[in-house]
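The values are calculated or read from the model by the stated rules, or taken from the named source; none is laboratory data. Here the structure is a predicted model, which means the values were calculated and not measured. Cβ placement follows ideal geometry from the backbone for every residue including glycine, while neighbour counts extend to all protein chains displayed. All accessible areas refer to the heavy atoms of the entire protein, side chains included, with ligands and DNA or RNA removed. Shrake-Rupley method; radii C 1.70, N 1.55, O 1.52, S 1.80 Å.
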2 protein chains.
Amino acid sequence: MVLASQKQKEEVENWFSNLRNEICMSFENIENNQSTGPHCDLPPGKFELTETKRDEGSGGGGLMSVMRGGRVFEKVGVNISTVYGKLNPLMQKSMASRKEMTGIEDNPIFWASGISLVAHMNSPKVPAVHMNTRMFWTPVASWFGGGTDLNPMIEVAEETKFFHKVLKKTCDKYNPEYYPKYKKWADEYFLIKHWNETRGVGGIFFDDLNTGNWNADFNFTKDVGKAFLAAYVPLCEKNQANSWTDAEREVQLIKRGKYAEFNLVYDRGTHFGLQSGHDPSAVLMSLPPVAKWP
Amino acid sequence: MVLASQKQKEEVENWFSNLRNEICMSFENIENNQSTGPHCDLPPGKFELTETKRDEGSGGGGLMSVMRGGRVFEKVGVNISTVYGKLNPLMQKSMASRKEMTGIEDNPIFWASGISLVAHMNSPKVPAVHMNTRMFWTPVASWFGGGTDLNPMIEVAEETKFFHKVLKKTCDKYNPEYYPKYKKWADEYFLIKHWNETRGVGGIFFDDLNTGNWNADFNFTKDVGKAFLAAYVPLCEKNQANSWTDAEREVQLIKRGKYAEFNLVYDRGTHFGLQSGHDPSAVLMSLPPVAKWP
């Protein structure tokens, strides 16, 4: 097992910070350029930044960036965080059961850095979206993980196809097996088990990535972040100026209710965040601004 | 351990059905009598009934009663169900770890009957409320459980006091230790751990009740159901005709978001329902008609 070094951890942390800047700039550009359509008379949305902290006695923190009530974005959060310290008993227990984690009990500490994004849009015609990439380190193993998935309120087949095509192209640069494997993983991961339906139209999901070539794994993780922008921004630009009906808005609010169900009942990132004592308003930034269960 | 008999199971099931009828009638009366106040021009709300089923291969089902868009009630669900069959591996595992459940592995079947109610009100000045009572049976043990808790959007100290006073009086009829014990249990149970705040102003919560006197335990469980009506209906009638501001409605919608967080992240009844293959729309009937995470 190739373990990430201190220098590599710093590189990773810097990358997530740079990616955050790039995404926030790109989303603020979308707001600034929105000159027609339903909410174009509003001032363009701007990200508000808040430093986030973990509970006392835990190490690390992050930066929460939220834009609310924009012309295009109803609520979008882009969080970066770097957290470290002692693994809590629950996390320890779940890790100790994995073969590659042998020895973790002797020094149960961790370091994790990542970026997490969820966007809820004004228009039911613009899909909601999620992206997250991260590196997790312990004294016995380190690995990358992440993914992105598209959540249309009203599905348009060609948009789903476009989103997946950009992701496939990125995956194929590294390994022809990545896209089918990570697409399948996303389909399984983003299943709302109690409804037996996926929360959106999928994307890719990967975890435990350590091929032995740290640079390749890091580059792949970086490229997933960039591919997210390339796959999502065009869908935004294509639809954002179109008007919508009350019935379409209602469909959107009900879809969002199910999105909240997934995040609160099943999402591992949400559970990790809440259990590891991170600021709950940062962890729950992913929840929709308004949702319905009629 | 005194085990409930087949006849007693039938009595229990009948009681929940009667309690359902009494509550639904009481709530429809509230709707019919509402002649002043913000929504009095609407037709009075009526319960719609749906039979609910479990997944194929599982036994039992229930009756879901939901009233939506009334003069006073924005969404209230009153569910009864009687379910039985094989314990799933997760339930078996959690039970097998309890001393009084020794032997459950040999015949891992169960029978459970109960009533569950959640009311979300139009007015932010009328508290939301939850009540649930149930009997659980396995071949090695049977017990009663349940409780009720008040969820004001804007707390009024004297209303909290009144609600608790009615519950205390009911508890004291059976055992002076019940109220302090079950109030404390509710305070612990209804804690939204990640916010370190309770979801409302508490009430009572009890579980694993088997004193050896089945009749006394059943009577107590019945009285909790009746006490719920006596404790809640007056709070409804006191406040339902008063108007409210947009700011108060906003407070209500945000409170409801946290209520949904509790139910989806922590509530054991919700998890039991989703895991045991019951109709998810009945299990999630507790979710608010509309909620905000701004």
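Structure values in brief
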{"quantity": "Segment A:211-225: number of residues that are closer than 12 Å to A:Y178 by Cβ and of a type outside the set (G, A, S)", "calculated": "6"}
{"quantity": "Any helices (runs of 4 or more DSSP H) falling wholly within segment B:207-294 and containing at least 3 residues that are at the interface with chain A (Cβ under 9 Å from one of its Cβ atoms) and touching a helix residue (DSSP H, G or I) at 6+ places or on another chain (Cβ under 9 Å)", "calculated": "B:246-265, B:268-275"}
{"quantity": "Among the residues listed as A:S94, A:S113, A:S81, A:S123, the single one being buried (at least 20 other Cβ atoms within 10 Å of the Cβ) and not in a strand (DSSP E or B)", "calculated": "A:S123"}
{"quantity": "Hits in segment B:172-194 (condition: touching a Pro at 6+ places or on another chain (Cβ under 8 Å) and either aromatic (F, W, Y) or surrounded by fewer than 18 Cβ atoms within 10 Å (Cβ to Cβ) (or both))", "calculated": "none"}
{"quantity": "Residue in segment B:136-156 that is in a helix (DSSP H, G or I) and more than 19 Å from the chain's Cα centre (by Cα) present", "calculated": "no"}
{"quantity": "Neighbours by Cβ (under 8 Å, 6+ apart or cross-chain): first from segment A:166-183, at positive phi; second at pLDDT 95 or above", "calculated": "none"}
{"quantity": "Test: residue in segment A:100-110 that is of a type outside the set (S, T, N, Q) and surrounded by 24 or more Cβ atoms within 10 Å (Cβ to Cβ)", "calculated": "no"}
{"quantity": "Failed criterion for A:W15 (all others in (1) in contact with a Gly (Cβ under 7 Å, 6 or more places away or on another chain); (2) modelled with pLDDT of 95 or more; (3) closer than 26 Å to A:A141 by Cβ hold)", "calculated": "(1)"}
{"quantity": "Filtered residues of segment B:63-98 (kept if modelled with pLDDT of 95 or more and among the small types (G, A, S))", "calculated": "B:S65, B:G69, B:G70, B:G77"}
{"quantity": "Test: residue in segment A:184-194 that is without any contact (Cβ under 8 Å) to a residue 40 or more places away in the chain, assigned to a helix (DSSP H, G or I) and touching a Gly at 6+ places or on another chain (Cβ under 7 Å)", "calculated": "yes"}
{"quantity": "Any hit, segment A:32-49, residues being within 21 Å of A:V129 (Cα to Cα) and assigned to a helix (DSSP H, G or I)", "calculated": "yes"}
{"quantity": "Single match in B:F228, B:F190 (criterion: modelled with pLDDT of 95 or more, within 17 Å of B:F73 (Cα to Cα) and within 17 Å of the chain's Cα centre (by Cα))", "calculated": "B:F228"}
{"quantity": "Top-ranked residue in segment B:195-206 [being surrounded by 19 or more Cβ atoms within 10 Å (Cβ to Cβ) and either closer than 30 Å to A:H278 by Cα or more than 13 Å from the chain's Cα centre (by Cα) (or both); ranked as nearest to the other protein chains (Cβ to nearest Cβ)]", "calculated": "B:R199"}
{"quantity": "Residue ID - nearest to B:K125 (Cα to Cα), chosen from residues in segment B:68-78 that are open to solvent by less than 20 Å² (accessible area, probe 1.4 Å) and within 14 Å of chain A (Cβ to nearest Cβ)", "calculated": "B:F73"}
{"quantity": "Which listed residue, of A:K226, A:K222, A:K169, is open to solvent by less than 60 Å² (accessible area, probe 1.4 Å) and among the charged types (D, E, K, R)", "calculated": "A:K222"}
{"quantity": "When residues of segment A:36-62 are limited to those that are among the β-branched types (V, I, T) and touching a strand residue (DSSP E or B) at 6+ places or on another chain (Cβ under 9 Å), the one modelled with the highest pLDDT", "calculated": "A:T50"}
{"quantity": "Output for segment B:138-151, where each listed residue is open to solvent by 10 Å² or more (accessible area, probe 1.4 Å) and modelled with pLDDT of 95 or more", "calculated": "B:W143"}
{"quantity": "Failed item, numbered, when A:H120 is tested on (1) in contact with a Pro (Cβ under 6 Å, 6 or more places away or on another chain); (2) more than 21 Å from A:V265 (Cα to Cα)", "calculated": "(2)"}
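To keep it simple, each residue is scored yes or no on (1) open to solvent by less than 70 Å² (accessible area, probe 1.4 Å); (2) touching a Pro at 6+ places or on another chain (Cβ under 8 Å); (3) within 14 Å of another protein chain (Cβ to nearest Cβ).
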{"site": "A:S5", "(1), (2), (3)": "yes, no, no"}
{"site": "A:E28", "(1), (2), (3)": "yes, yes, no"}
{"site": "A:G37", "(1), (2), (3)": "yes, no, no"}
{"site": "A:L42", "(1), (2), (3)": "yes, no, no"}
{"site": "A:K46", "(1), (2), (3)": "no, no, no"}
{"site": "A:E51", "(1), (2), (3)": "no, no, no"}
{"site": "A:G61", "(1), (2), (3)": "yes, no, no"}
{"site": "A:V66", "(1), (2), (3)": "yes, no, yes"}
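So that you can scan it fast, the table gives a plain yes or no per residue for (1) touching a His at 6+ places or on another chain (Cβ under 6 Å); (2) open to solvent by 10 Å² or more (accessible area, probe 1.4 Å); (3) at pLDDT below 95:
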{"site": "B:K238", "(1), (2), (3)": "no, yes, yes"}
{"site": "B:I254", "(1), (2), (3)": "no, yes, no"}
{"site": "B:R268", "(1), (2), (3)": "no, yes, yes"}
{"site": "B:D279", "(1), (2), (3)": "no, yes, yes"}
{"site": "B:A282", "(1), (2), (3)": "no, no, yes"}
{"site": "B:A291", "(1), (2), (3)": "no, no, no"}
